[in-house]
1. Only one of 186, 155 is under 20 Å from residue 15 (Cα atoms) and touching a His at 6+ places or on another chain (Cβ under 7 Å); which?
2. Do the conditions hold for residue 54, that is, is it touching a strand residue (DSSP E or B) at 6+ places or on another chain (Cβ under 9 Å), under 22 Å from residue 187 (Cβ atoms) and modelled with pLDDT of 95 or more?
3. Which is at pLDDT below 95 and more than 26 Å from residue 36 (Cβ to Cβ), of 153, 173?
4. Residue 47 fails exactly one of the following numbered conditions: (1) open to solvent by 20 Å² or more (accessible area, probe 1.4 Å); (2) within 16 Å of the chain's Cα centre (by Cα); (3) of a type in the set (Asp, Glu). What is the number of that condition?
5. Would it be correct to say that residue 191 is under 23 Å from residue 31 (Cβ atoms) and either among the hydroxyl-bearing types (Ser, Thr, Tyr) or out of contact with any Ser or Thr (no Cβ under 7 Å at 6 or more places or on another chain) (or both)?
6. Do we have residue 181 as surrounded by 15 or more Cβ atoms within 10 Å (Cβ to Cβ) and either more than 10 Å from the ligand (Cβ to nearest atom) or among the basic types (Lys, Arg) (or both) here?
Amino acid sequence: MRPPQPSPVQVPRMVVLASGRGSNFQALIDGVADGRIHASIVRLITDNPGAYAIDRARKEGIPVSVLDYLVFQDRTAYESALFREIQDAGADLIILAGYMRLLGEPIVAAFSDRMINIHPALLPCFPGLHAQRQALEYGVKVAGCTVHFVTHEMDSGPIIAQRCVPVGEDDDEETLSERILREEHDCLVEAVALFCDGRLEVTGRRVRVR
Ligand code: GRF
């Protein structure tokens, strides 16, 4: 008789939303593959049929849902379809990895403390679009990135991790963005790994690592 087999370890099911190039998505793929993140990426959802993130997912055999925003009648219809995809995928955790739309109330509420975003600035400075440009125009000497839980207000949920980079006198938007992006990948993987290991404790705005 065969000895009883150990039951497979259940890891969180992660759904990634991305709108473009997907280098942060790739960092998550690599983080799962090299064992830093104990989770499985069960689906990529994108609002952009031309997103390079789609190619990255297909290469890895990760299922993709393309919800082209333009084909929906309105935002409510888009959001309902998005919510259905997320639920069908059985998501435990949602990562916004360069997802360029605001999410509606029902999804945010359903995934409170289970949805994570990466933003290319040291929040609460420079929320919203073109964060690196905002930082340069303001003249800061230090910039960086923030990984945070998603709440109803844009780029303002409890902060899980941040990384700093220096801003040089010759930096332009492109060079600064590249420097920040390198930190984003590591910061995102670290934060998601902590979440998946159940090590994050949220009290109000404070996130503690246990
Ligand atoms: C990143 O800078 C991310 O912080 C921002 O959008 C960019 C996406 O880059 N939200 P990528 O698609 O992950 O390469």
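The values are calculated or read from the model by the stated rules, or taken from the named source; none is laboratory data. Note that the coordinates shown come from a computational prediction; the quantities given were computed from them, not determined experimentally. Quick reminder, even Gly has a Cβ in these numbers, built from the backbone with ideal geometry, and neighbours come from all protein chains shown. In case anyone asks, the SASA skips ligands and DNA or RNA and just uses the protein heavy atoms, side chains included. Shrake-Rupley method; radii C 1.70, N 1.55, O 1.52, S 1.80 Å.
1. On inspection, the qualifying residue turns out to be 155.
2. No: the conditions fail for residue 54.
3. 153
4. With respect to (1) open to solvent by 20 Å² or more (accessible area, probe 1.4 Å); (2) within 16 Å of the chain's Cα centre (by Cα); (3) of a type in the set (Asp, Glu), residue 47 is out only on (1).
5. When the stated conditions are applied, residue 191 passes them.
6. Taking the combined requirement at face value, the residue does not satisfy it.
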